[in-house]
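Worksheet: the structure to be examined is printed underneath.
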Amino acid sequence: MEVDKKNMDDLSGDGGVTKMVLTAGEGWQSPEDGDEVSMHYSGKLTDGTEFDSSYSRGEPFKFKIGAGSVIKGWDITARKMLRGEKAEVTLAAEYAYGENGSPPKIPGGATLVFIMELVGWKSMKDIFGDGMVIKTVLADGDGWERPSERCEVTMGVIAKSESDPPVVFFQGDLVFAVGEGKVPKAWEKVVVDMKKGGRIRLVCQGDYIFAPSIDFVPAGTQKLVYELELKSWLKVEDVNRDGTIIKKILVEGEGWERPNEGATVEVTGT
């Protein structure tokens, strides 16, 4: 089978990994190292002989990017795909199974041609870089707005053990102000990147579990799972930028115009 490399992207920079998009993906985000991807694929030799296919098994193949569990060309390709994208990917031997091949189906030095379809992925991040808090995105949420410093957030919270079945220590809504330091440090870090309806899973260890408002976790707990859902937030503004006047927006107004200096205004208060 001849591979037409016209319109193919050179992902490796040396022609060893090339990709031609067959079906465009959605959005703009791609998975990163540490993310668990779900990939449908079929693989053929350059003579057209198929050696493997997830389609024939009826379920996509899952692997973690950058973990060394798949051939090098797959890691490179997965990082450059969008959700729902389907592409023809050609891998030179050094990005596949090398000079040894993978007998009996893949001979040594073989160039491989894959159809790869990125079904989706779970984003798993070491958010502090010390292995103590691992974040997995369960749902992206809606819209584009995100809470910022001082916002009063309502968060759905489940706190549970990692055991099977888990021990649930708390399930309900908690309200907190971003940046006040009353919730775990990991919550403060992730909430400003969440959208309304977004859901994440945090596996926390050590001191990252606790905070002044967390009184439902037994003392001495070394590992805990938090599942967080951003339900809503109220915008809070420092009017004078010196902390003397703080405004909490309960209902957004209409339009864009505001009264000028010297204008007569009518307000109601409670």
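The values are calculated or read from the model by the stated rules, or taken from the named source; none is laboratory data. Everything numeric here is computed off the predicted structure, so don't read it as measured data. In this analysis, Cβ positions are derived from the backbone assuming ideal geometry, glycine residues included, and neighbour counts consider all displayed protein chains. Areas reflect the complete protein model, heavy atoms only, side chains present, ligands, DNA and RNA absent. Shrake-Rupley method; radii C 1.70, N 1.55, O 1.52, S 1.80 Å.
Summary table
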item	result
Computed E for TYR55/ILE158 - FRET, C-beta separation, R0 35 angstrom, nearest 0.05	0.45
Residue list for segment 62-80, given a label point 7 angstrom along the Cα-to-Cβ vector of ASP9 and an amide N cut-off under 17 Å	73-80
Per residue solvent-accessible surface (Å²) - segment 138-220, probe of 1.4 Å	54 Å²
Measure of compaction for segment 73-202 (Cα Rg per 2.2 N^0.38 Å)	1.52
Scaled radius of gyration (Cα, divided by 2.2 N^0.38 Å) that segment 152-218 gives	1.09
Equivalent ellipsoid, segment 68-119 (semi-axes from 5 times Cα gyration tensor eigenvalues, Å)	22, 11, 9
Surface share of carbon and sulfur [accessible, 1.4 angstrom probe, percent] for the chain	47 percent
Simple spin-label estimate for LYS195 and ARG79 in nanometres, 7 Å along Cα-Cβ	2.5 nm
Whole-angstrom gap from segment 124-181 to segment 1-60, using each part's C-alpha centre	34 Å
Spatial extent of the chain: Rg and Dmax, with the Cα atoms as the point set, Å	25.1, 86
FRET efficiency for ASP215 and THR46, using Cβ-Cβ distance with R0 set to 51 Å, rounded to 0.05	0.20
Reference-scaled alpha-carbon Rg (2.2 N^0.38 Å with N residues) for segment 34-130	1.12
Segment 60-134 - accessible surface per residue (Å², probe 1.4 Å)	45 Å²
Protection proxy ranking of 158-166, 40-48 - average other beta-carbon atoms within 10 Å, highest first	40-48, 158-166
Residue-by-residue Karplus 3J(HN,Hα) for segment 209-217, coefficients 6.51, -1.76, 1.60, Hz, glycine and proline x	6, 9, 6, x, 8, 9, 10, 9, 9
Computed E for ILE115/GLN222 - FRET, C-beta separation, R0 51 angstrom, nearest 0.05	0.70
